[in-house]
Every structure is written in structure tokens, then in C-alpha cells.
Amino acid sequence: MQAYILIQTEIGRSAEVARETAALPGVDSSEVLTGGYDVITKVSATDVDELGRLVAEGIQAVEGITRTVTCPVINL
């Protein structure tokens, strides 16, 4: 399964957060944005449990992140 993680960061930390999250296992890409979120990260996982661990133990552990929103991709 794939998901997009919308990330808000502390002021001035978006580039650093994007670099650090991009280096995590399971992360396909991580890009800096403008607007309501500072970084968008695309991730791949085998199931929802792995996705949860990736977000909670990996992405949310990166210093400088203040909020995340996980958006799983669905196939209609």
C-alpha cells in the first residue's frame, strides 16, 4: 500500500525535515511545499500496520515535525 504524509514543521526546518524523512526506509520521496503543509512524503508499506509503524516510529520521530496527516492511497 502507498500513502502520502502531509507534514507541518517548525519554522525554518522544512528542508531539513524533507532530507531526513527521505532517508527513512519505506519512504519513496519527500518534497518541500508551500501552503498549509511544509513537506509531503510518499511512502510504501505492505499493510496498514507497517504504515502505522513507519509514521509513528519513523517519520514522527524526526525532530522539527509538529504535525502529520496520513493519506492512504485507495484504488477505486
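Structural remarks
- The residue list 58, 35 contains one member that is of a type outside the set (Asp, Glu), at positive phi and out of contact with any Phe, Trp or Tyr (no Cβ under 6 Å at 6 or more places or on another chain), which is 35.
- Residue under evaluation residue 11, criteria (1) of a type in the set (Val, Ile, Thr); (2) under 10 Å from the mean Cα position of the chain (by Cα); (3) not in a strand (DSSP E or B), criterion not met: (2)
- Count of segment 17-34 residues, restricted to those that are assigned to a loop (DSSP other than H, G, I, E, B) and either within 9 Å of the chain's Cα centre (by Cα) or not small (Gly, Ala, Ser) (or both), is 4.
One line per residue, one yes/no per condition, for (1) more than 12 Å from residue 1 (Cα to Cα); (2) aliphatic (A, V, I, L, M); (3) exposed (fewer than 12 other Cβ atoms within 10 Å of the Cβ); (4) in contact with a Leu (Cβ under 6 Å, 6 or more places away or on another chain):
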residue	(1), (2), (3), (4)
14	yes, no, no, no
19	yes, no, no, no
33	yes, yes, no, no
45	no, yes, no, yes
49	no, no, yes, no
52	no, no, no, no
57	yes, no, yes, no
64	yes, no, no, no
70	yes, no, no, no
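- In segment 1-12, the residues that are open to solvent by 40 Å² or more (accessible area, probe 1.4 Å) and touching a residue at least 12 places away in the same chain (Cβ under 8 Å): 1, 2, 4, 8, 10
- Output for segment 21-30, where each listed residue is loosely packed, with under 13 Cβ neighbours inside 10 Å and touching a Lys or Arg at 6+ places or on another chain (Cβ under 9 Å): 28, 29
- Lone unmet requirement of (1) in a helix (DSSP H, G or I); (2) touching a helix residue (DSSP H, G or I) at 6+ places or on another chain (Cβ under 9 Å); (3) among the small types (Gly, Ala, Ser) for residue 56: (2)
- Which numbered condition residue 37 misses (of (1) open to solvent by 40 Å² or more (accessible area, probe 1.4 Å); (2) outside any loop (DSSP other than H, G, I, E, B)): (2)
The values are calculated or read from the model by the stated rules, or taken from the named source; none is laboratory data. It should be emphasised that the depicted structure is a prediction, and the values quoted were computed from it without experimental measurement. Cβ atoms come from the backbone with ideal geometry, glycine included; neighbour counts cover every protein chain shown. We work out accessible area using only protein heavy atoms, side chains counted, and drop any ligands, DNA or RNA first. Shrake-Rupley method; radii C 1.70, N 1.55, O 1.52, S 1.80 Å.
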